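Trainee: Okay, here's the structure, questions in a sec.
The values are calculated or read from the model by the stated rules, or taken from the named source; none is laboratory data. All values reported here derive from a predicted model rather than from experimental measurement. Glycine gets a Cβ as well: all are built from the backbone with ideal geometry, and neighbour counts include every protein chain shown. Just so you know, the surface numbers come from the protein's heavy atoms only, side chains and all, with ligands and any DNA or RNA stripped out. Shrake-Rupley method; radii C 1.70, N 1.55, O 1.52, S 1.80 Å.
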Amino acid sequence: DGDTLLTTEITETVRELATKYGEPMPKKLEKAISEHGPSVHKILLLDQDSDRLSSVVRPKLEALAKEYCATVTQAMPTMLELLPEDCSKATGVRKLCEHMGIEMSTQLLALGDAENDSTMLKDASIGVAMGNASPIACEAADFVMKETNDDGGAGAAIEVFAFGQY
């Protein structure tokens, strides 16, 4: 239904993420994901060992994604996202811009800090990465703020690029 979150375990990390991002508390997954209907929109894989996640889990997940026309991205060092192909922030922003008559390549200021923001940052007229952004987001951006997202980087970017002040 798009509003149900499921988890294999309800851990302190799961509780913290739900609270931090204003998401509903996930329910414990009682059966295989393949038996969950009507469909699954996104799968998140969390592991506190970010090195293991990137060097062991991600290559296996990438192979699986390729086989099933899906894509893998990363929102934070300890989390991988498995999404349907062409499902991304960039796709959502592109569709919104089309609906509103906004030309992304000449009229859009995009802000981001993670790999899952990189295509959106590239496609925007001005792509701005926060000071604590991942290397992939920084590489995709036109500009990298010195301020982090926790230190007002988004607000500072809007002041600089939308209002020409700072």
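Trainee: Would you confirm whether any residue within the range 35-54 is in a loop (DSSP other than H, G, I, E, B), acidic (Asp, Glu), at pLDDT below 85 and out of contact with any strand residue (DSSP E or B) (no Cβ under 7 Å at 6 or more places or on another chain)? Give the derivation first.
Mentor: Narrowing the range 35-54 to residues in a loop (DSSP other than H, G, I, E, B): 36-42, 47-49.
Filter once more, keeping what is acidic (Asp, Glu): 47, 49.
Okay, now just the ones that are also at pLDDT below 85, so none.
No: the range 35-54 contains no residue that is in a loop (DSSP other than H, G, I, E, B), acidic (Asp, Glu), at pLDDT below 85 and out of contact with any strand residue (DSSP E or B) (no Cβ under 7 Å at 6 or more places or on another chain).
So that you can scan it fast, the table gives a plain yes or no per residue for (1) farther than 21 Å from residue 133 by Cα; (2) surrounded by 11 or more Cβ atoms within 10 Å (Cβ to Cβ); (3) without any contact (Cβ under 8 Å) to a residue 24 or more places away in the chain:
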{"residue": "55", "(1), (2), (3)": "no, no, yes"}
{"residue": "58", "(1), (2), (3)": "no, yes, yes"}
{"residue": "64", "(1), (2), (3)": "yes, yes, yes"}
{"residue": "72", "(1), (2), (3)": "no, yes, yes"}
{"residue": "80", "(1), (2), (3)": "no, yes, no"}
{"residue": "85", "(1), (2), (3)": "yes, yes, yes"}
{"residue": "89", "(1), (2), (3)": "no, yes, no"}
{"residue": "93", "(1), (2), (3)": "no, yes, no"}
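Trainee: For the range 87-143, please list each of the helices (runs of 4 or more DSSP H) lying entirely inside it that holds at least 3 residues being over 13 Å from the mean Cα position of the chain (by Cα). Reasoning before the result, please.
Mentor: Values: elements: 89-100, 104-107, 118-123, 135-140.
It comes to 89-100, 104-107, 135-140.
Trainee: Ok, one more. Identify, from the list 136, 102, the residue that is open to solvent by 40 Å² or more (accessible area, probe 1.4 Å), closer than 24 Å to residue 53 by Cα and among the hydrophobic types (A, V, I, L, M, F, W, C). Even if it seems obvious, please write down each step before you answer.
Mentor: Details: 102 fails: closer than 24 Å to residue 53 by Cα.
Matching residue, one of 136, 102: 136.
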